[in-house]
């Protein structure tokens, strides 16, 4: 993944986390990144009470958006800013992230 986290904001009372990502290098916008993105999110709560979610069957109690905005030409340039939202009905989960 060519994006690195630059800014994280907790959206109060909305039980979601907004991550602002800055591109570390030029790259293509890959629609198949979803698996890598999910792995990144699981790595955020490694060694927390929520680490058991990785092996849990069924609903994981969180979801996340696609990276947005999507570049019109499909290319992400170094320094471009993109966003990612992580949602959960569990406020403590968001706080762990």
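The values are calculated or read from the model by the stated rules, or taken from the named source; none is laboratory data. Only a predicted model underlies this, so the values are computations on that prediction, with no experimental measurement involved. Positions of Cβ are generated from backbone atoms using ideal geometry, with glycine treated the same way; all protein chains shown enter the neighbour counts.
Key figures for this structure:
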| read-out | value |
| --- | --- |
| Verdict on residue 82 being touching a strand residue (DSSP E or B) at 6+ places or on another chain (Cβ under 6 Å) and at pLDDT 90 or above | yes |
| Leading residue by the ranking (surrounded by the fewest Cβ atoms within 10 Å (Cβ to Cβ)) among those in segment 54-79 that are at positive phi and free of Cβ contacts under 8 Å to residues at least 40 places away in the same chain | 58 |
| Residues of segment 80-94 that turn out to be loosely packed, with under 14 Cβ neighbours inside 10 Å and within 14 Å of the chain's Cα centre (by Cα), as a count | 1 |
| Test set (1) exposed (fewer than 14 other Cβ atoms within 10 Å of the Cβ); (2) closer than 22 Å to residue 72 by Cα; (3) at pLDDT 85 or above - residue 27 fails condition number | (1) |
| Test: residue in segment 44-54 that is modelled with pLDDT under 90, closer than 23 Å to residue 29 by Cα and assigned to a helix (DSSP H, G or I) | yes |
| Meets criteria (closer than 14 Å to residue 17 by Cβ, surrounded by 11 or more Cβ atoms within 10 Å (Cβ to Cβ) and touching a strand residue (DSSP E or B) at 6+ places or on another chain (Cβ under 6 Å)) for residue 45 | no |
